[in-house]
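The values are calculated or read from the model by the stated rules, or taken from the named source; none is laboratory data. Predicted model only: the values in this text are computed from it and were never measured. For neighbour counting, all protein chains shown are included, and Cβ atoms are generated from backbone atoms with ideal geometry for every residue, glycine included. Keep in mind that these areas ignore ligands, DNA and RNA; they rest on the heavy atoms of the full protein, side chains included. Shrake-Rupley method; radii C 1.70, N 1.55, O 1.52, S 1.80 Å.
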Amino acid sequence: MTEQILIENVTFKYPGGELPVLRDVSLTVNKGDFIAVMGSNGCGKSTLGKLLNGLIPHYYVGDFTGKVTVNGLLTTDHKVAELSHQVGYIYQDFENQLVSPRVLDDASFAPLNFGYHDYKDRGRQSLATVGLTGLDNEFIWQLSGGQKHLLALAGVLSLDPDILIIDEPVAQLDPYHAEETYNILKKLNEDFGKTIIVIEHHTEFIADYCNQVVLMEAGQVLWKKNTQQALREVNQLLDSQIYPPQVTQAAHKIGFLEMSDYPITLAEAVSSFPCYLKNTSNKSVPDSKNSDQLESLIKIEDISFSYKTINRSRKKVLKDISLTINRGERIALVGNNGAGKSSLLRLITGLVKPEQGNVIVHGRNTRKYSPEKMADLVTYIYQNPEEMFIEDSVRKDVEFFLKARKVPDYKLIVERILRQFELTDLQDRDSRLMSGGQQRRASLAIGVAMNPSVILLDEPTANLDIATRKHITELISSLGDQVGAAVVATHDMQLVAEWANRIIVLNEGEIIHDGTRDSVFNNLQLLEVAGLKPPQILELSRRLNMSQLMYTVDDFVHSVKREGTSYGIYTKTV
Amino acid sequence: MEYTRKLSEKLSVEQVKIELLNTAYGNSNTFLAKLDPRTLFVWYLFFGIVPWFIHNQVILLGMFFFMIATTSMSKVSPLIILILSLGLLGQGGYLLIASWFFGGDITVILPLLILTLKLSIISLASITVFCSMDPEKLSDGLLKIGLPGQVSFSIAYGYRMLPSLLEEYHHIFLSFRLRGKAPEKNGLLYWRSIIYFSKIAVLSFYPLLLSTTKRARTTVEALETKGSFYGFNHPEVKKIKLAHLSLRTRDYTFLIFSIIYILCVFSVGNNI
Amino acid sequence: MSQLKERYVLTQSQKMMVFILSMSLYGLSNMITELVPSVNFGPIELSVEYFAFIPLTLCILFHPLYAAIGASLGEIIFGEIMLGQFGGFGEIEKFIAFSLAMFIAGSLVNDPKNKKQVGIAAITGVAIHQMISMMVDIGKVWIGVEELEAVPGLAESVVIIEGFAFLNDVLFSGILFALIPTLYLVPRLYGKIEPLLGLKPRDNTVKFSIGEVLAPRFIIIAVILAFSAFLFEFLAESGINILEWDADFVDRYGEWFIWVSLGIAGVIALITILLMLRNKKNNRLMDNQSEKKVLS
């Protein structure tokens, strides 16, 4: 093992910052490692990454002490340009890292700037490495999020660096693309001998792909351990707001295993948990309501929708969809990217009109009413909360709608909503300058303040770490009585499993299933077709042939404890 | 309101994006589009300046017909020509009317027509040249004639970021619309609605200023690691980038033909 | 190291950030104003000329030079090239006029919290820009029409129309889309936007060097003086002298003059071609310099 990166006693303060972001950090990374850096928000993870490619101290001229050596080069002695041949950095907001209009131009941008004559070949080769071929002349804005991420990766690979740093690869991607990205990183690590550093808190990915884990807190490195040991430190991780894999949490809560035997992957869990006989008769039946008592809020009748593409042909995104949304429903709209989820939501808001068919909300046909009028009934919460912030403080944003309509006593309503979403202390801050979780809370508060009959949420838990995700899920659940119905378009199966009472599966513009969590998660073929990845604990309960699917870790733990006692299987594993 | 609504439906953001890119990359198969940017620049250098100093109507007409020929060769969208004509006629018309107030008479028409003719030649020349270059060619050409690398980078960056910026602006604008309240009455000539929408259009830039600032930070960090500043300061990088530019037979043919034509026009013009 | 001294010595990347920010935002706004239809009442055009508040705000909050250049380039790229309206030489004039005006406006402010300063700067910026545009427009007719003074009423009407457009733009666009939004935005963004770029806010304890403060004021005065001199000469009957001299010149040398001007342009074009050919053969770096000189 050769030591490739050596960080020695580094302390760093951003220019104008009050406290050091890194405090006496020392860390060694060996060549060929696949290492995860974990830690809560603002603990200095990203700063650590910028330390390695020389942005610190060359670009951010703050107070820097200590020594960083990368591939034998002292970062203080070498420029960013030289260090970027050693270290590639992929940002969390990787879209802003892409600077050319077309794919190949962007991939070969760096080699061109450094004056390589074969810059195009280098670009092509790195595109091939990440599996992005045949798109050379495509415009970047036409790529999907996953493809853009791969392009950002290709862009840094074109300089053939030995070390890659990827800042939260999963945060901006849906589960399918996240896995794809990790598989490419794995290939780069194993076949090309690259050292990979991911800043990550999705421990299930860490368990599957990384061999080393670094835990940071408040600007310091707490420890570096191999992955098995690291993820078994359940208590310590939870203290740092990091959730270990669900199977590990379950093992920890049940408490029948030694810490050193905690499973960290699904496969390990299947062999370390007791097996049950599948009891099909005991399956819970979805609680179907009597349709006579249902009050329908939204009626969607045979709608079709398409949009224009660059070569002026039309691409169909929704085909003959009919749907009724009733009071009290909590609907999860699932399906892979491009299935038509966002289009369906936007049609309900009346911002776009269907080509065929009608959308009728509370008896109002969206064709006949302006989006402003529809906004009194339907609220749409954007995936990117920043697009909802139009004022310079949280409070002003929340009260905007009420004030514009001169609602009497709006101040009281605003106070209540700010309290509900725990924003009272943040009310004078500019929403844009808050953390991801705070922004999301603010966007929910803005939506609720519009007092809608139906609230539509687009990916409300995307880009959040798991702790914040749980919090947001709770807040969404608390909406319950405030709104008539809620529709969530999401990839987050944990949210679906814990919150929804009706699940609509879209695939290629058509509804291929409309049911409950049991009918969806029991249907393996459906999951496959729609590209849905159930939560780990649910998958475990299926593999263990448990009598019914477990949607949360707590359910699983209770069930195992109960059944475990009755079957007396505990002794087997101890 | 009806008007605004119809307009906003027609003018969807997707539509604008597509039209823009088609404008930029639509005409790449014409003869002129295959010329080297330097040829086009030199050609424009002549036809963009010289007409100002010529008062001979025959020569101007000769140039004008040549411009019509080249413009039709470059397959410019009719809309651009229409906008140009309206602009030129409008300006000439106002001048004409205004000059009559100051004691002008019928004699004003001729000088104004000549002025309009000159402006048309110059505008058509720029349309011919610049509509025949896609953004990449234009930025290569500008780099070649010595403009700093930042300019050609900015053009590329503009095309990269425009769709994202437009979309973000659109979303913010929609947030204003959906949460705000449009005036109940439109007022005379829609003035209430116009003020309302203008105000939103301006206010939407406050959020955009902050979010673009965040973008700019990542982008410039990435530029640093991708060696942009190294590229800007090292002339050999420019050479590699522009290695594909070359003057071919068609460039010389085009220039020689233009010179011969102009010489003919001048000799005819001076002898009539 | 004294931080105060370092203040306006921005690193290359910080300049680039200000530049990119200004370019993309003003460019976007320009595209939007180009797409919005204008309302015409005869020659009176009530159009949204431009969202000058964006470059004004940025010039006031950041380094005025990079914000000003960025904005001008943004206008050319988004508002002209992308819409297929790139105008060649006309763009050079717009670029210089707008950058200069915005730079001066930004330099006038040394305390972004001072509303009076910000307001004066905003209006001054628009006025300078419109004044330069107006002079150029008048100049175009002057050059373009042979013996302008011989055509009755034309000279006056040009000045009146352009003068009216000037007032219209300064009062309409200047107040609605420069003064008011700038006064609204600057205090809101001050101290909030700078840290996002890793910069410290400007404050009134730090001033530009005397040269930097003097230069813009000097330029404003010079521009105003030059402008009024130009206007008076143009309108006053004695001013016709210039035109007469011009006409004399044409009379005396007649056709010959045209051939000379034509010849000069031809020679410039020829030199450029030769230089390019030489460039191609030798590929020497120096050539770009000379090319640039010839072209400019």
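Largest first, how would A:Lys533, A:Lys561 line up by accessible area (1.4 Å probe)?
Ranking A:Lys533, A:Lys561 by accessible area, largest first, yields A:Lys533, A:Lys561.
Determine, from the Cβ-Cβ distance of A:Arg562 and A:Asp24 and an R0 of 60 Å, the FRET efficiency 1/(1 + (r/R0)^6), rounded to the nearest 0.05. Kindly include the intermediate steps, with their values, before the conclusion.
Numbers: r = 49 Å, r/R0 = 0.82.
FRET efficiency, A:Arg562 to A:Asp24: 0.75.
In this structure, the pairs whose alpha-carbon distance is over 25 Å, taken from A:Lys315/B:Lys181; A:Lys315/A:Lys353; A:Lys224/B:Lys226; A:Lys353/B:Lys181; A:Lys31/A:Lys79; A:Lys45/A:Lys79, are A:Lys315/B:Lys181; A:Lys224/B:Lys226.
When nucleic acids and ligands are ignored and a 1.4 Å probe is applied, A:Asp162 ends up with an accessible area of around 50 Å².
Please give the FRET efficiency for B:Ser267 paired with B:Lys75, using the beta carbon to beta carbon distance and R0 = 22 Å, rounded to the nearest 0.05.
On the way: r = 31 Å, r/R0 = 1.43.
FRET efficiency, B:Ser267 to B:Lys75: 0.10.
So which DSSP H runs in chain A come out at 24 Å plus along the axis (Cα) with average Kyte-Doolittle of at least 0.5? Don't skip to the end; give the middle numbers.
Numbers: long enough: none.
Membrane-span-like by this rule: not one helix.
Chain C contacts chain B over a buried accessible area of about 7400 Å², both sides summed; the probe is 1.4 Å and only protein chains count.
Shown here are the Rg and Dmax of the Cα trace of chain A, at 25.3, 76 Å.
Going by accessible area, probe 1.4 Å, with all protein chains left in place, what is the ranking of B:Leu96, A:Leu323, A:Leu19, largest first?
Values: B:Leu96 40, A:Leu323 15, A:Leu19 135 Å².
If we order B:Leu96, A:Leu323, A:Leu19 from most to least accessible, we get A:Leu19, B:Leu96, A:Leu323.
How many Å² of accessible surface get buried when A and B come together, counting both sides, probe radius 1.4 Å, rounded to the nearest 100?
Details: alone 25880 and 17750 Å², together 38130 Å².
It comes to approximately 5500 Å² buried between A and B.
Centroid-to-centroid, using Cα positions, the range A:423-467 and the range B:142-157 are 41 Å apart.
Counting only residues at least eight positions apart within a chain, or on another chain, the lysines with an alpha carbon under 17 Å from that of C:Lys200 are A:Lys13, B:Lys214, C:Lys5, C:Lys15, C:Lys113, C:Lys192. Each residue of chain B gets 184 Å³ once the volume of the Cα convex hull is shared out per residue.
The gain in end-to-end length when the B:Ile109 to B:His244 segment is fully stretched comes to 43.7 nm, 0.36 nm per residue minus the alpha carbon separation. Probing with 1.4 Å while keeping every protein chain in the model, the per residue accessible area of chain B equals 42 Å².
Hey, with R₀ at 35 Å, roughly what FRET efficiency would A:Asp160 and A:Asn337 work out to, going by the Cβ-Cβ distance, to 0.05? That pair, A:Asp160 with A:Asn337, gives E of 0.70. In the assembled protein chains, A:Glu3 presents an accessible area of approximately 120 Å² (probe radius 1.4 Å). For a modelled paramagnetic label at A:Lys299, 7 Å from Cα along Cα-to-Cβ, the residues of the range A:346-363 in reach, with backbone nitrogen under 14 Å, are A:357-363.
Counting Cβ atoms of other protein chains within 10 Å of each residue's Cβ and taking the mean over peptide A:88-99 gives 5.
Helix content alone sets the calculated 222 nm mean residue ellipticity of chain A: runs of n ≥ 4 DSSP H residues at -39500 (n - 2.57) each, divided across all residues, give -10000 deg cm²/dmol. What the phi angles of the range B:34-40 give under the Karplus curve with 6.51, -1.76 and 1.60, with θ = phi - 60°, is a coupling list of 8, 6, 6, x, 5, 4, 5 Hz, glycine and proline written as x.
Once all protein chains are placed together, A:Lys315 keeps about 100 Å² accessible to a 1.4 angstrom probe.
Got a sec? What order do A:Cys43, B:Cys131 fall in by accessible area at 1.4 Å, biggest, i.e. largest, first?
On the way: A:Cys43 5, B:Cys131 25 Å².
So the residues, ranked largest to smallest area, are B:Cys131, A:Cys43.
Here the accessible area of the range B:135-241 is 63 percent carbon and sulfur, with a 1.4 angstrom probe and all protein chains present.
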